[in-house]
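Let me begin by presenting the structure, written as structure tokens, before commenting on it.
The values are calculated or read from the model by the stated rules, or taken from the named source; none is laboratory data. It should be emphasised that the depicted structure is a prediction, and the values quoted were computed from it without experimental measurement. All Cβ positions, glycine included, derive from the backbone under ideal geometry; neighbour counts span all protein chains shown.
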Amino acid sequence: MTAVKIIKVLGTSTESWEDAAHEAVAQAQESIHDIHGIEVEDWTANVEDGQITEYKTTVEVAFPVIHEES
């Protein structure tokens, strides 16, 4: 049986929520190996003068717990 760790990561984009999710995964991949999946938890945005200026996507990133051998 494999234990799985889940962390929350916030991605941002000026283009879309989907791009923000891609950014969250790309950033997480820099320090986490073997990401198995994500779940989008929340979509938010910054608004200025009635226009969305920054999309934000909070994702839960799942990856296996790896025990290093002694």
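A few notes on this one:
- In region 1-29, the residues that are touching a residue at least 40 places away in the same chain (Cβ under 8 Å) and farther than 15 Å from K56 by Cβ form Cβ pairs under 9 Å with partners that are in a strand (DSSP E or B) and of a type in the set (F, W, Y), at six or more places apart or across chains, as follows: V4/F63; K5/F63; I6/F63; I7/F63.
- V65 vs. criteria modelled with pLDDT of 95 or more and β-branched (V, I, T): no
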